[in-house]
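What follows draws every value from the coordinates through simple rules; no lab data is involved. Nothing here was measured: the structure is a model prediction, and the numbers come from that model. Every residue, glycine as well, gets a Cβ built from its backbone with ideal geometry; the counts of neighbours run over all protein chains shown.
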Amino acid sequence: MTAPSPEQEGAGEHPDPPAARRRRRSREVGSGHAHGHGPVTIPAAEARRVRLVLAALVVPLLLATVVGLVALWPRGETQIGSVPLTAEGATFERGVVVDVPGTAGEEVVVAVRTGEHAGREVSVQVPPEVMEAGVERGDEIRMLYLPGAAATGSPFVYIDFVRDVPIALLAAAYLLVVALVARWRGVAAVVGLGASLVVVGLFVIPALTLGTSPLLVALVGSSAMMFLAVYLAHGVSIRTTTALLGTFAGLAITTLLGWWVIGGGNLVGNGSEEAYMVFSTFPGVSLSALLLCGIVIAGLGALNDVTITQASAVWELHASDPGAGRARVFARAMRIGRDHIASTVYTLAFAYVGTSLPLLMIGAIYDRTLLEFLMAGEIVEEVARTLVSSIGLVLAIPATTAISALLVGRSAPRPTPPPARGGRRAAAAADGDQR
């Protein structure tokens, strides 16, 4: 015989059919959150009210996104894939290193595995930095075969290592770990990530190469990526839709602040070699607008994380204390949000430092003050990118909390059934008689 629940205790002498019906009419808000929060139940009338408000806010955003995709969708010929990677007659081949010289600067011996020279052993000059990192026998490399260079030396030129297998194994391990730990929710998140990257590949990049406004492309593309990533990963629910609105608020803050700092700080967007290549290849593209586009897209993932957490916190607090007012729920949720802010302040900064160590090392060798170092063109763009994204990230937390708190209503607390005469033992005995 199982122990009765608190609702079952005393049910024999103090039935409460209206309360039971109210409990049955309570509906699940949705467990579309991957941070460990369980299902939340709210009364059906309140759920209907919230859904109507959310639909009135989100449906226009969705329609605007669809209209933007249709209007800005790249049509006609783009430059993607239009530039040959090799000269006429040249081919990419693969080979395995069979001998490594003991002296730096000498050529390695490679057994060719593909192409018309498959089976031959040829000499290949490998750059010194690659040799310094380590080239060993058995390593598979990718080479460029230049038929015209056969008369003057080795026609094979080192390109890169072949690393298909280890990267494929790493990707498989990633999918396996996500599936084992997060189960179907994790698989859905990976699907959402894949769908978002499809938007980047089919819409964002082709549209930018055609000279479409980078700001419009960033806004429409980011909106489409958010809808796909949030709903595929977390499901369609009140909680996730609230988080989506918070993400839109953070996106708006990031966009406006980025636009202001790029104009006010005269940031050109030419702080990298790739920017000069873009300027020469796509003359109609504004580098500063492209910088803003990158700032907007870069913060999406972190924005989604904090907004999902805050939306869930508000609805959890509301479910645990339905009688609490909006101001009280907001204050409680912000206590949770402040902890999240403390952990996200350094998130983007550490990510930049980790990916830009070579640039920081080169910039640090020059004799100049710290301020001059930070204001250098190649550094200040990343400083601005980090600060703008971080401000948008931090302000998205109170924005999401406020939106969620405004949506929750004050519900009458559920009545607690009086205990049965005789306490738990009597209730248990009655339960046993009924069985």
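Given C-alpha coordinates of the range 157-225, what is the ratio Rg to Rh with the Kirkwood estimate of Rh?
1.15
Using the Karplus curve 6.51 cos²θ - 1.76 cosθ + 1.60 with θ = phi - 60°, work out ³J(HN,Hα) for each residue of the range 186-200 in order, rounded to whole Hz, and write x for Gly and Pro.
Karplus-based 3J(HN,Hα) across the range 186-200 equals x, 4, 5, 5, 5, 4, x, 4, x, 5, 5, 5, 5, 4, 4 Hz.
By DSSP, what percent of the beta bridges with both residues in the range 91-161 are antiparallel, rounded to the nearest 5? Walk me through the numbers before you get to the answer.
Numbers: 19 of 20 bridges.
Roughly 95 percent of the beta bridges in the range 91-161 run antiparallel, per DSSP.
I need the peptides 396-402, 367-373, 318-324, 233-239 ranked by packing, meaning the mean over residues of other C-beta atoms within 10 angstrom, with the highest value on top.
Top to bottom by mean Cβ count within 10 Å: 396-402, 233-239, 318-324, 367-373.
Ranked highest first by the average count of other Cβ atoms within 10 Å around their residues, in what order do 196-202, 307-313 fall?
With the highest mean Cβ count within 10 Å placed first, the list reads 307-313, 196-202.
Rounded if a/c is under 1.5, else prolate if a/b beats b/c, else oblate: with a ≥ b ≥ c from the C-alpha gyration tensor eigenvalues square-rooted, which is the range 217-260?
oblate
When each pair of different Cα atoms in the range 63-114 is counted once in the 1/r mean, what is the Kirkwood radius in angstroms, to one decimal?
It is 16.3 Å.
Could you work out the percent of alpha carbon pairs in the range 260-342 separated by over 15 Å, rounded to a whole number?
Working: 2352 of 3403 pairs.
I get 69 percent for the Cα pairs in the range 260-342 exceeding 15 Å.
Counting just the Cα atoms, what span does the range 115-261 cover along each of its three principal axes? Round to the nearest Å and put the largest first.
Principal-axis extents of the Cα atoms in the range 115-261, largest first: 68, 43, 30 Å.
Hey, what's the Cα Rg ratio for the range 52-141 versus the globular rule of thumb, 2.2 N^0.38 Å?
Relative to the rule-of-thumb radius for its length, the range 52-141 sits at 2.12.
How many Å³ per residue does the convex hull of the Cα positions in the range 276-324 occupy?
So the per-residue Cα hull volume is 82 Å³.
In Å, what Rg and Dmax follow from the Cα atoms of the range 91-161?
11.2, 31
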